[in-house]
Amino acid sequence: MALSLVLGFESTAHTFGVALAQGNAKKPFSASTNVLANVSKKYPSTAEGFIPRKLADFHAKNYPGLLRACFGQAGVSPSDVDAVAYSYGPGLGHSLHVGFIAAKSFAVSQRIPFLGVNHGLAHVEVGRFFCQLYEPLVLYVSGGNTQILSLENVARKGAYVNKAERQGLSGSKQYVTLGETLDIGVGNFLDLVGRHLKLDPPDAVGVLRQAPGGRLLSLPYVVKGMNVSFTGLLTAVKRLPSSTPKQDVCFTAQEVAFSMLCETLEKALVFTGKKGVLLVGGNARNARLQEMVSLVAQEHGATFGVPPFEYCGDNGGMIALTGLMQWGAKYGFDRMPNQKVRVEQEHVLW
């Protein structure tokens, strides 16, 4: 059995990741698939937030060292690589272009193909791979994205596919969005709470660390069908008296936001009858959210899964793995960066 080796670059926002995935590209979910190396560097959280130009400079500066470290860990050489995968969107334009140029330069130098991988799709596929849940209901929670996704046949749910494309891709599937945020992602909401409270670090991690033992406050709870909204909740947090204990604010911000997500997830679970629930994205690292989502799954007799910690946040491993899947399907070559591409626009041919 011939194994393929795919190099992956992640650069949608604050993190530049480089990874190498190896496996049978025609059967990427088999035991032969493995991530040989997965290295990354994240721009530190600051009170000013993430400035696109500074992120791009950070990525360009750290890319060469990360590439060397990746090949060193994997024990392979650049000439062994069969294809290069890179995150082509969604994300911040400055950051996306650094990864695109890095991938294209490597591909040209080695005379190999390069494939654009949807960042959101990669979060989901790395979860499906590690949890071995093949058709789960997905709760995707990150800084810029909050969605409930379900994998469906193109023939039934191909909203982004015309008739000719549908005939050519009749064996593929697409993710359908059953619910999502109407404004900002849950990760962005928690980051802004952390910044407002001047936590250390001033982001969702700071909120997570401060929350235990807090008291529940009265704050808005906004659910509309299977959709959620966080801006009203954020405004209410900012209007709280400055004397309000930070611990109470963090505890409430998490509990209310996560409860909203669990309500909409439960509606989608009842609607679809899915027997698996997959939690993915950077905020899937939050132990409290994992606990709440697992209880929803348990209540409905569904298996709960979450990827290993290092594969929840932005990382090159998820791009390399999804790139291996696309390489086997001969899908997604030579894509230009796209800041607004959505998960449901992608075809799942593996």
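The values are calculated or read from the model by the stated rules, or taken from the named source; none is laboratory data. Since the model is a prediction, treat every value here as computed from it, not as a measurement. In this analysis, Cβ positions are derived from the backbone assuming ideal geometry, glycine residues included, and neighbour counts consider all displayed protein chains. To get the accessible areas, we keep the full protein, side chains included, count just its heavy atoms, and leave off ligands, DNA and RNA. Shrake-Rupley method; radii C 1.70, N 1.55, O 1.52, S 1.80 Å.
Structure notes:
- Each of Lys224, Lys54, Lys104, Lys26 has its accessible area taken with a 1.4 Å probe; listed largest first, they run Lys26, Lys224, Lys104, Lys54.
- Estimated at 0.36 nm per residue, the fully extended path between Lys104 and Ala236 surpasses their Cα-Cα distance by 43.0 nm.
- Over 25 Å (Cα to Cα) - which of Lys173/Lys275; Lys26/Lys173; Lys198/Lys340; Lys54/Lys224; Lys173/Lys267; Lys173/Lys330 fall in this group: Lys198/Lys340; Lys54/Lys224
- Max mean-square fluctuation residue, GNM over the chain, Cα-Cα springs under 10 Å, options Pro64, Pro308, Pro337: Pro64
- Taking Gly225, Gly144, Gly99 as the candidate residues, the one with maximal mean-square fluctuation in a Gaussian network model of the chain, Cα springs under 10 Å, is Gly225.
- This model, with +1 at the C-beta of Lys and Arg and -1 at the C-beta of Asp and Glu, gives the chain a dipole about its Cα centre of some 380 debye.
- Total formal charge among the other residues, if their Cβ is under 15 angstrom from that of Asp314, Lys/Arg +1 and Asp/Glu -1: -2
- For region 225-318, averaging the sequence separation of C-alpha pairs within contact (under 8 Å, six or more residues apart) and dividing by the residue count gives a relative contact order of 27 percent.
- Cα-based equivalent ellipsoid of the chain: semi-axis lengths in Å, sorted from largest, via gyration tensor: 33, 25, 17
- 0 to 90° range, to nearest 10: angle between helix 246-272 axis and the chain longest Cα axis: 60 degrees
- Against the main long axis of the alpha-carbon atoms of the chain, helix 119-131 sits at an angle near 90°.
- Protection-proxy order for peptides 114-125, 243-254, 131-142, each taking the mean of Cβ atoms within 10 Å per residue, highest first: 114-125, 131-142, 243-254
- Set against the 2.2 N^0.38 Å expectation for a compact globular protein, region 1-126 has a Cα radius of gyration ratio of 1.05.
- For Leu66, neighbours were defined as the other residues whose beta-carbon sits under 12 Å from its Cβ, and their charges (Lys and Arg +1, Asp and Glu -1) total +3.
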